[in-house]
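*Asks:* Input: one structure, supplied below.
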Amino acid sequence: MVKSDPADGGGRKQQIADAFGRAARSYDDAAAPQRQAAALVADLAAQQRLPERPRILEVGCGTGILTRHIRAHWPDADLVASDLSPDMVGQAARGAMIAGTFLSMDGEVPPFDGPWFDLILSSLAFQWFSDLPTAIERLAGLLRPGGSLFFSTMGADSFAEWRAAHAAVGESAGTPDYPDLAALRSMLATFPDAFAFDEHWDHDFGGAKGFLAHLKGIGATVPTGDHAVLTPARLRSVMTAFNTTGGTVTYHILFGRVTRIAA
């Protein structure tokens, strides 16, 4: 059972969980940008000084891409790897090759109370949250003194080419409105020790057909709530406009860190 934010009503979160569940077996083959982001999150976190056997929480583990980095950096960690999708959690538990607890949960409402973790990691999951500032505050509250939250999430320039192709034919894309770097820095400004930066990565999926296959392969198929599904003819027009401009797509990734000041 997916534990969701009551304000969400469970509906959209369940749609997201179902979409990622359907993609559990195809995800790794389709997830080139996701692997890139997870590696950078892990490398950033590896600079953190941790206890001998740290307590680590991973939010949005998916199939275990970041989880495997955690195993490499902290083989003795007391790990909880979690995801909204039970199918993703099952896939990660089978493939991560690490001892730990694998838990299906909504990262916005983690079932933990008070400071418990030395490290919380998440890569490309926060963009699915309904209230990102509140979620970051809740997760930061689970850090022990000296502990850190490291995460990546989608930025405002993501899929700009796909949005432009929609606009070129008088349509709007169902892609969510992601925050820009200034907005993320504003969210983190209330924390005494935090930083954020961004990266722009161009990916060539072989045109519109390949890009749509990529989104389906990773389970990113749930549009914004008010988006009307295009007819096949209108979708073909969008795909043609996209291919005409070169067919590459931008992943704009925001990275953030929050550290709880030690007493």
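Bear in mind these aren't lab numbers, they're just calculated from the coordinates by the rules spelled out. The shown structure was predicted, so the numbers you read here are calculated from the model rather than taken from an experiment. As a convention, Cβ positions derive from the backbone with ideal geometry for all residues, glycine included, and neighbour counts pool all protein chains shown.
*Asks:* Let's see if you can work this out: charge +1 on each Lys and Arg Cβ, -1 on each Asp and Glu Cβ, no other charges. What is the dipole magnitude of the chain about its Cα centre, in debye to the nearest 20?
*Replies:* On the way: 22 positive and 29 negative charges, 92 e Å.
So the magnitude is around 440 debye.
*Asks:* For 18, 226, what's the fewest-to-most ordering of other Cβ within 10 Å of each Cβ? List each step's numbers first, then the result.
*Replies:* On the way: 18 17, 226 7.
Ordered from fewest to most neighbouring Cβ atoms within 10 Å, 18, 226 come out as 226, 18.
*Asks:* Hey, got the dipole for the range 34-100? About the Cα centre, +1 on K and R Cβ, -1 on D and E Cβ, debye to the nearest 20? Can you show the working numbers first?
*Replies:* On the way: 7 positive and 7 negative charges, 24 e Å.
With only Lys, Arg, Asp and Glu charged at Cβ, the dipole is about 120 debye.
*Asks:* Figure the gain on full extension for residue 216 and residue 137 (residue separation times 0.36 nm, minus the Cα-Cα span) and round it to one decimal in nm.
*Replies:* Working: separation 79, 0.36 × 79 = 28.44 nm, distance 3.11 nm.
Difference between extended and current length: 25.3 nm.
*Asks:* Take the alpha carbon atoms of the range 46-95, find their radius of gyration, then divide it by 2.2 N^0.38 Å using N residues; give the quotient. Let's see the in-between values first.
*Replies:* Values: Rg = 11.0 Å, N = 50, 2.2 N^0.38 = 9.7 Å.
Compared with the compact-globule rule of thumb, the range 46-95 sits at 1.13.
*Asks:* Alpha carbon centre of the range 13-78 versus the range 239-258: separation in Å?
*Replies:* What the calculation gives is 22 Å, centre to centre.
*Asks:* Could you check the spin-label model distance between residue 72 and residue 203? Points 7 Å from the Cα along Cα→Cβ, value in nm.
*Replies:* Here the modelled spin labels are 1.9 nm apart.
*Asks:* Taking square-rooted eigenvalues a ≥ b ≥ c of the alpha carbon gyration tensor, is the range 98-217 rounded, prolate or oblate, where a/c under 1.5 means rounded and, failing that, a/b exceeding b/c means prolate?
*Replies:* Working: a/c = 2.46, a/b = 1.80, b/c = 1.36.
Since a/c reaches 1.5 and a/b is larger than b/c, the shape of the range 98-217 is classed as prolate.
*Asks:* To continue, here is another question. log₁₀ I(q)/I(0) of the range 148-263 at q = 0.14, 0.16, 0.21, 0.23 Å⁻¹, via Debye over equal Cα point scatterers, no solvent, to two decimals?
*Replies:* Debye intensities relative to I(0), on a log10 scale: -0.65, -0.79, -1.15, -1.30.
*Asks:* Hey, another quick one. How would 153, 244, 175, 134 line up from fewest to most surrounding beta-carbon atoms within 10 angstrom? Numbers along the way, then the final one.
*Replies:* Numbers: 153 26, 244 11, 175 18, 134 15.
If I rank by nearby Cβ atoms, fewest first, I get 244, 134, 175, 153.
*Asks:* Subtract the Cα-Cα distance of residue 14 and residue 233 from 0.36 nm times their separation in residues, and report this length gain in nm to one decimal.
*Replies:* Details: separation 219, 0.36 × 219 = 78.84 nm, distance 2.92 nm.
Full extension from residue 14 to residue 233 adds 75.9 nm.
*Asks:* Right, another one. Identify, among 140, 186, 166, the residue whose Cα sits farthest towards the positive end of the charge dipole of the range 134-187, taking +1 on the Cβ of Lys and Arg and -1 on the Cβ of Asp and Glu, with the dipole about the Cα centre.
*Replies:* Of 140, 186, 166, it is 140.
*Asks:* Run the dipole for the range 151-263 about the Cα centre, Lys and Arg Cβ at +1, Asp and Glu Cβ at -1, nothing else charged, and hand back the magnitude in debye, nearest 20. Kindly include the intermediate steps, with their values, before the conclusion.
*Replies:* Working: 8 positive and 11 negative charges, 62 e Å.
Dipole of the range 151-263, to the nearest 20 debye: 300 debye.
*Asks:* Cα centroid distance between the range 164-198 and the range 145-161, in Å?
*Replies:* Comparing the Cα centres of the range 164-198 and the range 145-161, I get a distance of 9 Å.
*Asks:* Another one. Given springs between every Cα pair under 10 Å in a Gaussian network model of the chain, which of 112, 211, 126 has the largest fluctuation?
*Replies:* 112
*Asks:* While we're here: By how many nm would the segment from residue 53 to residue 94 lengthen if fully extended, with 0.36 nm per residue of separation less the alpha-carbon distance?
*Replies:* On the way: separation 41, 0.36 × 41 = 14.76 nm, distance 2.26 nm.
This chain segment gains 12.5 nm when fully extended.
*Asks:* For the chain, what is the relative contact order in percent, using Cα pairs closer than 8 Å and at least 6 residues apart in sequence?
*Replies:* Values: 520 pairs, mean separation 60.4, N = 263.
In percent, rounded to a whole number, it is 23.
*Asks:* Per DSSP H run of at least 4 residues, take -39500 (n - 2.57); add these up for the chain, divide by its residues and hand me the 222 nm value, nearest 500 deg cm²/dmol. Kindly include the intermediate steps, with their values, before the conclusion.
*Replies:* Numbers: 10 runs with 99 residues, N = 263.
Computed ellipticity for the chain at 222 nm equals -11000 deg cm²/dmol.
*Asks:* Loop-only check: which trypsin sites (Lys or Arg not before Pro) in the range 38-97 are DSSP coil with at most 15 other Cβ within 10 angstrom?
*Replies:* Qualifying residues, ordered by number: 49.
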